[in-house]
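Peer 1: Mind looking over this structure? Questions follow.
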Amino acid sequence: MQINRVKVIETVVCMMLDSLPDERRTAGYIHIFRAEQAAALIALRRGLDTEIAAVGALLHDYDKYLTGNAEEHAKKSADASLPILAKTELFTPCEIGVIATAIAAHSDKENVGAPYDEVLKDADVLSHHFLKSADKVKEEYPRAYQRYLKLKEEFSI
Ligand SMILES: [Fe+2]
């Protein structure tokens, strides 16, 4: 039987979240699993690997939720993802590189990067803002506004 790589990483993330105080745990579950779903959907639309996209989303804020500190969390979460992914022995060095690079770049919403970087940035934006109106996104998070509009256009929604 083939091991489900996404499920393995979901379990790792759940174990981390379950160790957190109530408020942070709830926020983490909501955001991370919304982002995972969005990343898989975006990857599918763009002809990319849904597993790689989903795993990147699952780990993209790992350090932020674990520590409760958002400062430089993209780089710190990328660093945290390396031993997690390597320990599973389920990902190639190339896949680990792609995932960690996307995680490290995900806060840079104003610039365009490699395909998996873009999937993760867009999934993060959808996870945070999908249920808000365009005006609300513009007001609350102007750096994500153009991405939000482009995503709605890409998905014709
Ligand atoms: Fe995020």
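Every read-out reported here was derived from the displayed coordinates using simple, explicitly stated rules and does not represent laboratory data. For clarity, every value in this text was computed on a predicted model and none was experimentally measured. Counting neighbours? That spans all protein chains shown, and the Cβs are built from the backbone with ideal geometry, glycine included.
Peer 1: Which parts of the stretch 120-157 would a label at Ile30 reach, counting a residue when its backbone N lies under 14 Å from a point 7 Å out along Cα-to-Cβ?
Peer 2: Once the point is set 7 Å along Cα→Cβ of Ile30, 127-132 turn out to lie under 14 Å by backbone N, inside the stretch 120-157.
Peer 1: Which log10 I(q)/I(0) values does the stretch 103-151 give at q = 0.14, 0.15, 0.26 Å⁻¹ under the Debye formula, counting every alpha carbon as one identical point scatterer?
Peer 2: Values returned for q = 0.14, 0.15, 0.26 Å⁻¹ are -0.29, -0.33, -0.94.
Peer 1: Assigning unit charges at the beta carbon (Lys, Arg +1; Asp, Glu -1) and nothing else, what dipole magnitude in debye, to the nearest 20, does the stretch 75-132 show about its Cα centre?
Peer 2: 200 debye
Peer 1: For the chain, compute the number of Lys pairs whose alpha carbons are separated by less than 21 Å, excluding pairs fewer than 8 positions apart on the same chain.
Peer 2: Counting lysine pairs in the chain gives 29.
Peer 1: Toward the positive end of the charge dipole of the stretch 5-154, about the Cα centre and with charges on Cβ (Lys, Arg +1; Asp, Glu -1), which of Leu44, Thr67, Val8 goes farthest?
Peer 2: Farthest along the dipole direction, towards plus: Leu44.
Peer 1: Give me the distance in nm between label points sitting 7 Å out from Cα along the Cα-to-Cβ direction at Ala114 and Ile3, one decimal.
Peer 2: Here the modelled spin labels are 2.3 nm apart.
Peer 1: Taking the Cα atoms only, what angle lies between the long axis of helix 5-18 and the longest principal axis of the chain, rounded to 10 degrees?
Peer 2: Once rounded, one gets 80 degrees.
Peer 1: Roughly how tilted is helix 142-154, in degrees to the nearest 10 and between 0 and 90, from the longest Cα axis of the chain?
Peer 2: Helix 142-154 sits at roughly 90 degrees to that axis.
Peer 1: What three numbers, in Å, describe the spread of the alpha carbons of the stretch 1-97 along their principal axes, ordered from the longest?
Peer 2: So the three principal-axis extents are 35, 29, 28 Å.
Peer 1: Calculate the dipole size of the chain relative to its Cα centre from +1 charges on Lys and Arg beta carbons and -1 charges on Asp and Glu beta carbons; express the result in debye to the nearest 20.
Peer 2: Computed charge dipole of the chain: roughly 260 debye.
Peer 1: Now for a different question. Using the basic label-point model (7 angstrom from Cα toward the beta carbon), what is the Phe130 to Leu82 distance in nanometres?
Peer 2: Distance between label points: 3.2 nm.
Peer 1: Okay, next question. Would you give the gap between the C-alpha center of the stretch 64-105 and the C-alpha center of the stretch 131-157, rounded to a whole Å?
Peer 2: 26 Å
Peer 1: Continuing with the same structure: Would you kindly give the portion of the calculated P(r) for the stretch 50-157 that falls above 25 Å, as a percent of all Cα pairs?
Peer 2: When every Cα pair of the stretch 50-157 is considered, 22 percent fall beyond 25 Å.
Peer 1: Can you give the calculated 222 nm mean residue ellipticity of the chain, where each DSSP H run of n ≥ 4 adds -39,500 (n - 2.57) and the sum is split over every residue, rounded to the nearest 500 deg cm²/dmol?
Peer 2: -24000 deg cm²/dmol
Peer 1: Quick one: if the Förster radius is 22 Å, what FRET efficiency do Arg46 and Glu139 give, using the C-beta to C-beta distance and rounding to 0.05?
Peer 2: With R0 = 22 Å, the Cβ-Cβ based efficiency is 0.15.
Peer 1: Read phi for every residue in the stretch 25-38 and hand back ³J(HN,Hα) as whole Hz from Karplus 6.51 cos²θ - 1.76 cosθ + 1.60, θ = phi - 60°, with x for Gly and Pro.
Peer 2: Computed from phi, the couplings for the stretch 25-38 are 4, 4, 4, x, 4, 4, 5, 5, 7, 5, 5, 4, 5, 4 Hz.
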